[in-house]
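The values are calculated or read from the model by the stated rules, or taken from the named source; none is laboratory data. As the structure is a computational prediction, the values presented were derived from the model and not from experiment. Cβ: placed from backbone, ideal geometry, glycine included. Neighbour counts: every protein chain shown.
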């Protein structure tokens, strides 16, 4: 995927990947409005909701939260309980679907995705132009590394993320974390985006990134 820096006069094609800092419904309203616009413009009717950054005993409450927040956007919301079952063959995502990656423990989410083949399915979905929403841990997992998450969440074997956005993501960003952004950028030699709870980032299909709501700080590697 070709990611480009946003700039004056840049040609922006439709929104594709939505990254949330992990705030409340009220805090995320600006990002979610853009998400709803993209869902309607793309004709998406089915959402595959993957809350696997959370323990299984919380899936019911996750489903209830999702339906209250986004349910009116979709005709069908699928939540596969166990990704190790045949779910991937049964509901393999198509370009007209939305994949929503929920928040929680980033390492647990990646472990579940990798053990079932869903990691590659999500990459293929992005390459086909499908919409993806990453909330907190879900946003972090879409970057090149999960070492921007708390160290207690580096439990997925590999620290590699899915690499679908061109920067490491620091969710729940606060101004006091600015030095951490710079350290991560220099250590990993990639850009690092700090996304506040009341902000979000959208990456378009032609690779442009822009903030929604509160602006997000970007740290670039020091050379």
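Values as computed for the structure displayed
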item	result
Filter result (in a loop (DSSP other than H, G, I, E, B) and touching a helix residue (DSSP H, G or I) at 6+ places or on another chain (Cβ under 6 Å)) within region 93-112	93, 102, 103, 104, 105
Residue tally, condition at pLDDT 95 or above, outside any strand (DSSP E or B) and in contact with a strand residue (DSSP E or B) (Cβ under 8 Å, 6 or more places away or on another chain), over region 40-55	1
Residue tally, condition over 19 Å from residue 134 (Cβ atoms) and either surrounded by fewer than 16 Cβ atoms within 10 Å (Cβ to Cβ) or within 16 Å of the chain's Cα centre (by Cα) (or both), over region 183-205	4
Tally, over region 96-111, of residues that are surrounded by 19 or more Cβ atoms within 10 Å (Cβ to Cβ) and more than 21 Å from residue 170 (Cα to Cα)	2
Count of residues meeting criterion [crowded, with 24+ Cβ neighbours inside 10 Å and under 18 Å from residue 209 (Cα atoms)] in region 143-161	1
Selection status of residue 33, surrounded by fewer than 18 Cβ atoms within 10 Å (Cβ to Cβ), within 19 Å of residue 135 (Cβ to Cβ) and over 17 Å from the mean Cα position of the chain (by Cα)	no
Residue check, residue 136 within 15 Å of residue 21 (Cα to Cα), at pLDDT 95 or above and out of contact with any helix residue (DSSP H, G or I) (no Cβ under 6 Å at 6 or more places or on another chain)	yes
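Conditions tested, residue by residue: (1) more than 25 Å from residue 149 (Cα to Cα); (2) exposed (fewer than 14 other Cβ atoms within 10 Å of the Cβ).
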| residue | (1), (2) |
| --- | --- |
| 44 | yes, no |
| 50 | no, no |
| 53 | no, no |
| 66 | no, no |
| 77 | yes, no |
| 80 | no, no |
| 83 | no, no |
| 89 | yes, yes |
| 94 | yes, yes |
